[in-house]
């Protein structure tokens, strides 16, 4: 159904005198793949895919929850209660840090990758420094969401995967599917529907 609706929108856009060259996606690329195969605008116009940054950020929380569940089955407990554990609150905060790293660097891919990894190092090395009696210079004394070295070692792969250049390159325009923030809201603000019909 989504593919048929997108095809209808893309075909109808030619009648309106403009072309959609960007598709905002939530990660499901069936519609995007089908539109590029159909070559709605011919071979000359390439349709690009942008990821909804809110959906990309949710991947962090999903991946961390999944990791905690999988490692528990192998006898390693990352989640639970206690300082340095991967609690629900910590997962939520790490997801917010990840989202903020994407939003703050929306026009700089290398900066985005660095900010994502910096958010990981921010929470993982604070606890390690305290354990050896050092106060990390750039961190607050009372940091509430920090990770033990054991937890940090397990979640680093999640951060590496979610800071991939290919994934984050689709987030550079910082678009969302949220109606209040969406690309379409910006378009219709400049070109109201009553004028376009």
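The numbers here are math on the coordinates, done by the rules we state, and not lab data. Computed from a predicted model, the values in this text were never measured in an experiment. FYI the Cβ positions are ideal-geometry reconstructions off the backbone, even for glycines, and counts take in every protein chain you see.
Set the Förster distance to 41 Å, then compute FRET efficiency between residue 9 and residue 81 from the Cβ-Cβ distance, nearest 0.05. All intermediate terms of the calculation are to be shown ahead of the outcome.
Numbers: r = 49 Å, r/R0 = 1.20.
With R0 = 41 Å, the Cβ-Cβ based efficiency is 0.25.
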Could you tell me the extents of the stretch 1-48's C-alpha atoms along the three principal axes, largest first, rounded to whole Å?
28, 21, 16
hull vol. (C-alpha, convex hull) per residue for the stretch 1-86, Å³ -> 136 Å³
